[in-house]
Every structure is written in C-alpha cells, then in structure tokens.
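Undergrad: This is the structure I have questions about; it appears just below.
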C-alpha cells in the first residue's frame, strides 16, 4: 500500500476514530473523503 493510502487509513481510523451512524465522527469522515476526492480532481458530493 502506498504511503499516501496509509496516511488516509490512519487519519480515518486513528484521528477520526470509530464512526457510528449519524455521529459527528461519521460526518467528519465523510467530509474528509469528499475533500480528498476533490483534491484529486473528482467532483464529489454527499447524498
């Protein structure tokens, strides 16, 4: 796995931590993933 991928996994699992349904941490993870995709040039939105 690339270093960048490991950093994303660490951020999601350690920094944000457990993500139960309808929790603030779930929203943080969603926003994090959305921003990563946007930074890569993808159009990302929540549904």
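The values are calculated or read from the model by the stated rules, or taken from the named source; none is laboratory data. Just so it is clear, the model here is predicted, and its values are computed rather than measured. Don't worry about glycine lacking a Cβ; one is built from the backbone with ideal geometry, like all the others, and counts go over all protein chains shown.
Undergrad: For segment 32-47: of the residues being surrounded by 10 or more Cβ atoms within 10 Å (Cβ to Cβ) and more than 18 Å from residue 6 (Cα to Cα), which is modelled with the lowest pLDDT?
TA: Going through the qualifying residues, I end up with 44.
Undergrad: Cβ-Cβ under 7 Å, sequence separation 6+ or interchain: first residue in segment 32-47 and without any contact (Cβ under 8 Å) to a residue 60 or more places away in the chain and at positive phi, partner part of a helix (DSSP H, G or I) and surrounded by 11 or more Cβ atoms within 10 Å (Cβ to Cβ). Which pairs?
TA: Taking only residues 6 or more apart or on different chains, not a single pair turns up.
Undergrad: When only residues in segment 1-29 that are in a helix (DSSP H, G or I) and surrounded by 14 or more Cβ atoms within 10 Å (Cβ to Cβ) count, which is nearest to the chain's Cα centre (by Cα)?
TA: 29
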